[in-house]
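Q: Structure below; questions to follow.
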Number of protein chains: 4
Amino acid sequence: MARAGGFPRRTRDFVGIAEAVGIGVLGATGYGGAELIRLLAGHPHARLRAASSRQSAGRSLDSQIPSLAGCGLILDEDPQDPQAWVDRGVDVIFSALPHGAFAARAGRFLEAGVKVIDLSGDFRLRDAAEYERRYHMPHPAPDLLESAVYGLTEWRGLHIDCAQLVANPGCYATAILMAVLPAVEARLWNGAPIVANALSGVSGAGRAPSLTTHFVECGSGAAPYRVGEEHAHLGEILQMVRSTELRRTSAGSSAANSSFIFNPHLVPMSRGILASIAIPLDRRQEPDAVRELYRRRYEECPFVRVLDADALPETRHVRGSNRCDIAVRVAADGTMLLVFAAIDNLVKGAAGQAIQNWNRMQGWPETTGLPLDGFGS
Amino acid sequence: MARAGGFPRRTRDFVGIAEAVGIGVLGATGYGGAELIRLLAGHPHARLRAASSRQSAGRSLDSQIPSLAGCGLILDEDPQDPQAWVDRGVDVIFSALPHGAFAARAGRFLEAGVKVIDLSGDFRLRDAAEYERRYHMPHPAPDLLESAVYGLTEWRGLHIDCAQLVANPGCYATAILMAVLPAVEARLWNGAPIVANALSGVSGAGRAPSLTTHFVECGSGAAPYRVGEEHAHLGEILQMVRSTELRRTSAGSSAANSSFIFNPHLVPMSRGILASIAIPLDRRQEPDAVRELYRRRYEECPFVRVLDADALPETRHVRGSNRCDIAVRVAADGTMLLVFAAIDNLVKGAAGQAIQNWNRMQGWPETTGLPLDGFGS
Amino acid sequence: MARAGGFPRRTRDFVGIAEAVGIGVLGATGYGGAELIRLLAGHPHARLRAASSRQSAGRSLDSQIPSLAGCGLILDEDPQDPQAWVDRGVDVIFSALPHGAFAARAGRFLEAGVKVIDLSGDFRLRDAAEYERRYHMPHPAPDLLESAVYGLTEWRGLHIDCAQLVANPGCYATAILMAVLPAVEARLWNGAPIVANALSGVSGAGRAPSLTTHFVECGSGAAPYRVGEEHAHLGEILQMVRSTELRRTSAGSSAANSSFIFNPHLVPMSRGILASIAIPLDRRQEPDAVRELYRRRYEECPFVRVLDADALPETRHVRGSNRCDIAVRVAADGTMLLVFAAIDNLVKGAAGQAIQNWNRMQGWPETTGLPLDGFGS
Amino acid sequence: MARAGGFPRRTRDFVGIAEAVGIGVLGATGYGGAELIRLLAGHPHARLRAASSRQSAGRSLDSQIPSLAGCGLILDEDPQDPQAWVDRGVDVIFSALPHGAFAARAGRFLEAGVKVIDLSGDFRLRDAAEYERRYHMPHPAPDLLESAVYGLTEWRGLHIDCAQLVANPGCYATAILMAVLPAVEARLWNGAPIVANALSGVSGAGRAPSLTTHFVECGSGAAPYRVGEEHAHLGEILQMVRSTELRRTSAGSSAANSSFIFNPHLVPMSRGILASIAIPLDRRQEPDAVRELYRRRYEECPFVRVLDADALPETRHVRGSNRCDIAVRVAADGTMLLVFAAIDNLVKGAAGQAIQNWNRMQGWPETTGLPLDGFGS
């Protein structure tokens, strides 16, 4: 389980560095937005210049998110135009607004020289028709799709380095793709349906009150929802699976015509995603060989931990961390690969990965200002 | 979602009936034992004559299980010999002891004319070698295996009716088999690996304190364990799958040589099992047709509810109930059947099904004294 | 801790009894309404004839409350007039609507000969001005206040026996009054402020979604609210404290001019109220003597359990039960009485006590159809 | 609610500072020890040189506390002698061992020039007889009691600055004293019993498995324990209350002869303490005046937030933070002060305050490396 290297962790990385970049956060009072602000407060180069809220403009941030004490920031109106924020020194914006709410304005920010990291689903799919199919609305800015980079850091890093517009992946998609892509890339998968079950904490459902997120309704039970092929994240999952496969072959993708079953479940925890995935194999495999393959694939990735043979990931172990913990098993006489992955949906599944992407866009070490340890309890 | 029939539920069934049967419960202070006593208190024919505890003999039951107020029962030593309990009028015993703890004595109780319902894994497998493989110990009473009836009520009812020794199924096995067997019986399955993920409440891990069940360790996260083909319940699952298949064909079982992947997970709830299962199909199927097949299979089964096309089971809805809620979906262009099943692990997954079996052994309606409604909240 | 008497509990009480009473429930899809229906299903004399919902009329009850499977009932519109329900055989109604929603119609139901048990705050206070002060609206039916009986069963039993209109107490008020009144009645209290802290489960906040009841907001923390003298339940608490004191003396109430501090807190559990109360004593007391006084006061009360000297009540022990568990301690050199009481807010704090009151109104044993045991887990 | 000052928080404090101090942690695998290591990893001057565990010596820290990924540290045997750790560069030790386990060795570490911060109860009481009364064992090192400084940072800061041995306060004591002492110091209290109710998260009960901390036993209910005057923390509470009072008067302490009622409760959350305290007042007070008094008392204290009149503290808001949030109300016609305080029991109630004390011992800003923001969710 050990990763090399003693004790030097995040806070040491930036001692002595003084570079500062002005940040704006849209949608600061949702769970993703608040987590961005919490993490950015520990980032050595981030200077939060502005934060907006559609419901709470004019109020102090800490009155809306009392855990963010002492920030002293007053929430802005949702900025329709970049100028006011540019004037206040905003160089980069993170949008934590829901899908459909920001994309139409993204172009204006980009034209004003502001880098954009969008945590919604709006810029994840390259194909506007696929977007409409998954999100049931026409895409608000189809001309930007080509330049947007899908921000699964460990898989798109070089593209992210020079991006102006990053589409931060969905939380489910992050956990599932981190678990599936090494096998796809290595052409272990036989193209028969992959079955991905995933468990999500309730913060994944957003902060707007609903019967679904009422403590009495979700606090003591487990519930599947939008199972099979219904969930919007399937679009970005399939897109990445197919493009990963195609990079390795001229023979066409087996994924192109195959299915991917994704069963999300809500369980009574605030944070976390646990993905449990079965991948039918092209040929018999030994577990140690596959584990080694995963380790090699991720050996340069500081936030990925491929666990030893006797360990399995738990959401508790990554709660509060930007890590993705992964375990690899082989079953069914060597013909089925089982991969388990755990992330914190608000960190690696949202705000943390957004900052990881921003670190790359700025040329800093990927780990800058990001927690490797979890809360623990 | 509606089942026929207005309001007449459990308490009406037995008005005017005076028949009484003396009951003994072994292992009364575990979660399964305490649930047995709670449910038996609402059973019109049950007279609890004795209850034992290995740790708390001589103390009152309500001092050990304070929710069972007013019972007034003093806990016995774990009875090695049936005579004392027979003398006190015990006609039937329910053993809620862990596996390996009671089986060696079971013969003596049966010879004394006492019916036995064993909630442990000891009498579930017909093959002593398979028992040893799954439970890592030689079987304590192999000669009884042939006469024991596997108590999955909806599938072994006629055998249970005349049984003296019932092996109550495991909680995971109950949820998974209720979901899988109709498809197996109807020969929809193509024999490729079935992938069954299941989520369990913490009471399934037993009442003995451990780091795993510590609130801080399991209370805010989800964790897989004994995944793939490691869990002991796989033995009874495969045994039932194969025997169900063989009943329908002389052509041999496709299960005989196929694999069954079972990934259990612990999630932060006290009660409940949710199984999410993918079954590769022999030929393309329409969801409505499969749902109708499931409904026909269970139409005489008062505790099974096959949900409408737009609904999915949740553990909260069956918490406290002896029901099994099931939903059927078809994915992957009609080639993969998805079945979701929810039970309360302590009721349909343990104490409730034990009483359901006892009802059949006595010739009473299966529903006698058992709750159809859940706690709700 | 033991209460006398072996095993005969609720289901035995009514063997052979055939008397049936038609029931209507208003507000059936809230937590209180659903709990009423769940408990009435186990009551030997109850025949549910009608249930209404303001939001879900025309839909099946089990589609709205899936734990209530098989009931088959279709929800009515909220009945403005009693006639339709009378025609369907409704003899008694339980209103689980919020305060202000039903009271104006109560007179019409009473005039039509329908008994009314109102679970809201509307008929609890005898004084319309005090109602307006606590609920911030004029009383909708002040002329009925005189005939309404406050349904704290153990303290108003004889009045309830012949009541037509019962005002079921608030959940906090029930726990606190059960704990305080024996000391008040025995004139142990010196009139200095009583300090009552209470913890409530989230179902007490109702089923309407809000940020307060969002799992992420309330699921991992404890929060006080409306502390000091702000909570509406203080009205009924003071009313009962004063009338209890006056019954015992002609010298006037010390409560009349004294204060009662009530600090409610929300904690992450679905059900339950735990009250922890400090009562300044008139003279030094021995704990055993006060415990004995409490036991004598409640010795005829089947749902009250005064715990032994070494035990303290826990909400888990009464979850699902109609019991009130009470512990008595003395501190501060004998000058401060500490009383701890636990109830299930939906049972003894709402639906269970409503049925207990109805049992008395009908002349049946108070325990008829009500659970003494809790869910346990 | 706002505290002055924009955004500059912890990570900014130490940019450019290179001073490093070697740290050793005893008892690293309990909840307090693990939290120390998590927080020290974010401290600019801390270099963790050694960590010990009595059960897991020789194993890697991250195998025992998987949330602490990448630390790479191997756990030592519990060091009986300071030399080995001194040789490895340990300048300061934090002991997170339970009471009685370390004190007898403390002198040896001090003599070796190692500063000691002890998180157990061993050095909190100045009087060895009082220690024996509270902890039911003779004090292991009574000669050190005089030199130990009680580490309630906001109240003993000047003494801590030059201390070699700091006794870190108990979690309950921290919350209660922070809430009570300003009123005591200002002589608002009339000497009649203070009633302090407190709710604790389960991590406060330690990591050793027990029935009390089993998820099924504590996960869905609230339970008082060791109420009245039984809890060991009362010793340090009374000691600080009395010494605070005496500092202000030569007239003797009213506390000397008065009582303090402390009712701790366990509620289903991992972290957090919420104290709800009623203090009888010497004379009528206006709430705004008392709030202003509290604000003035704490205006130099960066971790204390005295809330506005309409707000109340919640444990969720301080979860993960070293803050103490306090609200002040007045009830009972101005004669009763109600104070509510929330802390994270593992941070301000243990590891965070230990580091806050260490910061003072080293002459660094109190906030160095400590989180002001909470986890949020």
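Read the figures in this text as sums done on the coordinates, not as results from a lab. In this text the structure is predicted, and so the values were computed from the model without any measurement. We place every Cβ from the backbone using ideal geometry, glycine too, and count neighbours over all the protein chains shown.
Q: Give me the aspartates and glutamates in straight-line cross-link reach of residue B:348: C-alpha distance below 15 Å, same-chain residues under 8 apart excluded.
A: Filter leaves B:35, B:118, B:154, B:314, B:325, B:366, B:373.
Q: Related question: For the pair residue A:190/residue D:292, report the inter-label distance in nm, with labels modelled 7 Å from Cα in the Cβ direction.
A: 8.0 nm
Q: Ratio of segment A:284-377's C-alpha Rg to 2.2 N^0.38 Å, to two decimals?
A: Values: Rg = 14.6 Å, N = 94, 2.2 N^0.38 = 12.4 Å.
In units of the globular-protein estimate, segment A:284-377 measures up at 1.18.
Q: Mind computing the radius of gyration and Dmax over the alpha-carbon atoms of segment D:85-132? Å is fine for both.
A: Values for segment D:85-132 (Cα only, Rg and Dmax): 11.6, 37 Å.
Q: Just need the Rg to Rh number for the protein assembly as shown, please, alpha carbons only, Kirkwood Rh. All intermediate terms of the calculation are to be shown ahead of the outcome.
A: Values: Rg = 32.2 Å, Rh = 33.7 Å.
Ratio of gyration radius to Kirkwood radius for the protein assembly as shown: 0.96.
Q: State, as an integer percentage, the relative contact order of segment B:172-345 based on alpha-carbon contacts under 8 Å between residues 6 or more apart. Numbers along the way, then the final one.
A: Numbers: 358 pairs, mean separation 54.6, N = 174.
With pairs under 8 Å counted, the relative contact order is 31 percent.
Q: Measuring nothing but label to label, 7 Å from Cα along Cα→Cβ, what are residue D:292's distances to the other copies in nm, shortest first?
A: So the label point of residue D:292 gives 5.5, 7.5, 8.0 nm to the other copies.
Q: While we're here: Determine, at each q value in 0.08, 0.20 (inverse angstroms), the log₁₀ of I(q)/I(0) that the Debye formula gives when each Cα of segment B:172-345 is one equal point scatterer.
A: With no solvent term, the Cα-only Debye profile gives -0.24, -1.37.
Q: Further, regarding this structure: Please report the antiparallel percentage of the DSSP beta bridges confined to segment C:172-345, to the nearest 5.
A: Details: 24 of 34 bridges.
Bridges in segment C:172-345 that DSSP calls antiparallel: roughly 70 percent.
Q: Moving on. Suppose you put the label 7 Å out from Cα in the Cβ direction; list, shortest first and in nm with one decimal, how far residue D:59 is from each other copy's label.
A: 2.9, 4.6, 4.9
Q: Turning to a different aspect of this structure: With 10 angstrom as the radius, rank A:260, D:262 by how many other C-beta atoms surround their C-beta, starting from the fewest.
A: A:260, D:262
Q: Let me ask something else. Treating only the Cβ of Lys, Arg, Asp and Glu as charged (+1, +1, -1, -1), what charge dipole size does chain D show about its Cα centre? Round to the nearest 20 debye.
A: Details: 38 positive and 40 negative charges, 92 e Å.
My answer is approximately 440 debye.
Q: If you don't mind, another one. How many nanometers, to one decimal and shortest first, lie between the label point of residue A:162 and those of its other copies, if labels sit 7 Å from Cα toward Cβ?
A: Copy-to-copy label distances at residue A:162, shortest first: 6.3, 8.1, 9.4 nm.
Q: For segment D:78-100 and segment D:43-64, what is the centre-to-centre distance using only Cα atoms, to the nearest Å?
A: So the two Cα centres are separated by 11 Å.
Q: Here's another thing I want to ask about it. Using R₀ = 56 Å, calculate the FRET efficiency as 1/(1 + (r/R₀)^6) where r is the Cβ-Cβ separation of residue C:143 and residue D:64; round to 0.05. The partial results should precede the final answer.
A: On the way: r = 70 Å, r/R0 = 1.25.
Plugging the Cβ-Cβ distance into 1/(1 + (r/R0)^6) gives 0.20.
Q: Looking at the protein assembly as shown, send over the antiparallel percent of its DSSP beta bridges, to the nearest 5.
A: Values: 102 of 222 bridges.
Antiparallel: roughly 45 percent of the beta bridges in the protein assembly as shown.
Q: Report relative contact order for segment B:80-144 in percent, whole number only (criteria: Cα-Cα under 8 Å, sequence separation at least 6). Please report the intermediate quantities before stating the final value.
A: Working: 71 pairs, mean separation 21.4, N = 65.
About 33 percent, as a whole number.
Q: If you don't mind, another one. Which of D:244, B:315, B:367 has the fewest other C-beta atoms within 10 Å, and how do the rest follow up to the most?
A: On the way: D:244 20, B:315 29, B:367 17.
Final ranking by Cβ density, sparse to dense: B:367, D:244, B:315.
Q: For segment A:280-311 and segment D:309-369, compute the distance between their C-alpha centroids and round to whole Å.
A: 45 Å
Q: Work through the residues other than residue C:55 whose Cβ is under 12 Å from its Cβ and net out their charges, Lys, Arg +1 and Asp, Glu -1. Working shown, then result.
A: Numbers: positive: C:54, C:59, C:207; negative: C:77, C:78.
Counting the neighbours of residue C:55, the net charge comes to +1.
Q: Note the full-extension length gain between residue C:87 and residue C:212 as 0.36 nm times their separation in residues minus their Cα-Cα distance, in nm to one decimal. Before the final figure, lay out the partial values.
A: Details: separation 125, 0.36 × 125 = 45.00 nm, distance 4.14 nm.
That works out to 40.9 nm of additional length.
Q: Okay, next question. Would you mind calculating the relative contact order of chain B from Cα pairs under 8 angstrom and at least 6 residues apart, reporting the percent as a whole number? Let's see the in-between values first.
A: Working: 820 pairs, mean separation 66.7, N = 377.
18 percent.
Q: Quick one: order B:326, B:160 by neighbouring beta-carbon count within 10 Å, fewest to most. Don't skip to the answer; put the middle values down first.
A: Working: B:326 25, B:160 22.
Arranged by neighbour count, lowest to highest, B:326, B:160 become B:160, B:326.
Q: Mind giving me the FRET efficiency for residue B:362 and residue D:225? R0 is 56 Å, r the Cβ-Cβ distance, nearest 0.05 is fine.
A: Values: r = 44 Å, r/R0 = 0.78.
With a Förster radius of 56 Å, E is 0.80.
Q: List every DSSP H helix in chain B whose Cα atoms extend 18 Å or more along the helix's own long axis and whose mean Kyte-Doolittle hydropathy is at least 1.0.
A: On the way: long enough: B:171-185 (21 Å, 1.67); B:233-247 (22 Å, -0.17).
Correct list, ordered by number: B:171-185.
Q: Excluding residue B:102 itself, calculate the net charge of residues whose Cβ lies under 9 Å from the Cβ of residue B:102, where each Lys or Arg counts +1 and each Asp or Glu counts -1. Before the final figure, lay out each step's value.
A: Details: positive: B:105; negative: B:78, B:118, B:122.
That works out to -2.
Q: To the nearest 0.05, how large is the calculated FRET efficiency for residue D:127 and residue D:246 if R₀ is 22 Å and r is the Cβ-Cβ distance?
A: Calculated transfer efficiency: 0.90.
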